[in-house]
Amino acid sequence: MIEHMGNGRPTTTSYRPLDAPRAAFNGHTLLMSRGLRNTRPGKGWLEANRGDRDDAMGYQSIEVRKVTPVIGAEVHGVDLTTPLGNQQFQEIHDALMDNLVIFFRDQKLSVDQHADFGRKFGKLHIHPASRSPIEGHPEILLIKADETSKRVAGEVWHSDVSCDIEPPMGSILHLQVVPPDGGGDTMFANMYRAYETLSEPIRKMLVGMTAMHEGEHVYRGRYGVNDEGKVFPKAEHPIVRTHPVTGRQALYVNRGFTTRIVGLKRNESAAILEMLYQHMETPELSCRFKWQANSIAFWDNRCVQHHALWDYYPSKRYGHRVTICGDKPFYRA
Ligand code: SIN
């Protein structure tokens, strides 16, 4: 079982790979902790070769360097253009569970390699509104901005496609072209910490409440195709969701997709959502990733929100995202 310390952090850094046996509860699926490494193991060869590091995580086949104590880590010592061994896959998954978003540098991935990496973590998601620019790869989401752009993807804090009944578990963005003078960073915020740092009365109030998430206002007219008659997804999700792997509670409403809290008057809902958004956007809950060509960011949408900064107009920024299917959000005490 996953064990928790007083602050809600799991005491183990090892999690079941996604194809591992699952235990069902409350009609939902919990991916069980593997228990093979129920304490952090000794230093691996990568750390040994780089000397002592205070933030050494005890990984054996990769090196994980935290970006902040709260969220984000760079993963080194892996080449994603070659097939991952079981241990590297497991440790990348563990690094994602531990750090919520992980970053890789200098990965010249082809579209096939990018999709194959995503498929290691689950079935790939097809976007409900955007069409892939790449023949035979409907799973690719184009991320592109240049001097002709009127808006860019992800300019508002959000969790990807939270309007889906089963929103994506994770997203893997590979940028090939970055603005020459910098800019275009992506911010990522820790939604476990956002929940944990609310006062107890507010946490109690939110547990059991649900909110609507809708795609209509986000996607209609957005992608330059005729979407007349198209119905975009909408879904009702718990405001506090239990992460199916770590068992931790995370705040799950976002400025992009959430439209209202179910059962409240409009002004009550708007006031509570705005209070939560402002809280989530506290700078101490986030990290900011500076892209280079061929960097990758892999985030867990179940416990992370992100925000793409568009401070580089008219420069070009270009890449592909693959998105991994997820489960229906649930709350378990
Ligand atoms: C997104 O996937 O929401 C866009 C993120 C980015 O462009 O940095």
Karplus-derived 3J(HN,Hα), 6.51/-1.76/1.60, for each residue of the stretch 316-333, Hz, glycine and proline x:
9, 9, 9, x, 10, 10, 10, 10, 9, 4, x, 9, 5, x, 8, 10, 9, 4
Determine the relative contact order of the stretch 22-324: mean sequence separation of Cα pairs under 8 Å and six or more apart, normalised by residue count, in whole percent.
29
Can you compute the modelled spin-label distance between H76 and R151, with each label point 7 Å from Cα toward Cβ, in nm?
4.0
Charge dipole magnitude, Cβ of K and R +1, D and E -1 - the stretch 149-237, Cα centre, debye nearest 20
120
Each residue of the stretch 213-219 in order: what ³J(HN,Hα) in whole Hz does its phi give by Karplus 6.51 cos²θ - 1.76 cosθ + 1.60, θ = phi - 60°, with x for Gly and Pro?
10, 10, x, 3, 6, 8, 9
Can you check what the net charge comes to around P167, using other residues whose Cβ is under 13 Å from the Cβ of P167 (Lys, Arg +1; Asp, Glu -1)?
-3
Going through the cross-link list K144/K230; K66/K290; K144/K290; K123/K328; K290/K328; K150/K316, which pairs have a Cα-Cα distance over 20 Å in this structure?
K144/K230; K290/K328
Using amide H atoms built in the peptide plane, which far-off residues or other-chain residues are under 5 Å from H125 H to H?
T323, I324, C325
Does the stretch 22-324 classify as rounded, prolate or oblate by the C-alpha gyration tensor (a ≥ b ≥ c root eigenvalues; a/c under 1.5 gives rounded; else a/b over b/c gives prolate, otherwise oblate)?
oblate
Just to check I understand the Karplus step: with θ = phi - 60° and J = 6.51 cos²θ - 1.76 cosθ + 1.60, what whole-Hz values come out for the stretch 288-293, glycine and proline as x?
10, 9, 9, 7, 10, 4
Around L264, which amide H atoms from residues at least 5 apart in sequence, or from another chain, sit under 5 Å from its own amide H, with H modelled in the peptide plane?
none
Contour excess over end-to-end distance, with Cα ends at R255 and K108 and 0.36 nm allotted per residue
49.6 nm
May I ask what percent, to the nearest 5, of DSSP beta bridges between residues of the stretch 22-324 are antiparallel?
95
Net lengthening on full extension, A333/V207 (0.36 nm per residue, minus Cα-Cα)
44.5 nm
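Each value in this text was obtained by applying a stated rule to the coordinates, not by laboratory testing. All figures in this text were calculated on a predicted structure; none of them were measured in a lab. Note that each Cβ is placed from the backbone with ideal geometry, even for glycine, and that neighbours are counted across all protein chains shown.
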